[in-house]
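So the structure is just underneath, and the comments pick up after that.
The values are calculated or read from the model by the stated rules, or taken from the named source; none is laboratory data. Since the structure is predicted, the reported quantities are computational estimates derived from the model, not experimental observations. Methodologically, a virtual Cβ is constructed for each residue, glycine included, from the backbone with ideal geometry; neighbour enumeration extends over all protein chains shown.
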Amino acid sequence: MSENKACAFCGKTKDRTEEERKKLINRLNRIEGQIRGIKGMVEKNAYCTDILVQVAAVSAALNSFNKELLSNHIRTCVAKDIREGKDETIDELVNTLQKLMK
């Protein structure tokens, strides 16, 4: 069973399966490696467009991470709350989507 700590901002938690947690962490580790690679490119004075291409790749990787996390959130947390009559979850989801679409 995964450790379940409350969010410092909202107090909510999400009990993820070990498989889900590992998948998300692996994606984040790859993104972190990409960021370190970009930092190295800057330190080595790489050509601007080469760096920009790598930044675009990181952006795409983060978008992919967000899509996976959001999809899982809707299928689990949001669906559960709606079934339990917690309609405020819909407002929370709309607010989250608005932030993601900035």
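Reported count of residues in the range 17-60, each being among the basic types (K, R) and more than 22 Å from N72 (Cβ to Cβ), is 3.
Scanning the range 56-96 for residues that are farther than 22 Å from L24 by Cβ and either touching a residue at least 40 places away in the same chain (Cβ under 8 Å) or surrounded by 11 or more Cβ atoms within 10 Å (Cβ to Cβ) (or both) yields I82, K86, I90. For the range 20-49, taking the residues that are of a type in the set (D, E) and more than 18 Å from K67 (Cβ to Cβ), the one that is surrounded by the fewest Cβ atoms within 10 Å (Cβ to Cβ) is identified as E43. Look at (1) modelled with pLDDT of 95 or more; (2) not in a helix (DSSP H, G or I); (3) not β-branched (V, I, T) and you find that L28 fails only one, number (2). Restricting the range 1-25 to residues that are under 28 Å from A57 (Cβ atoms) and among the basic types (K, R) leaves a set whose member that is modelled with the lowest pLDDT is K14.
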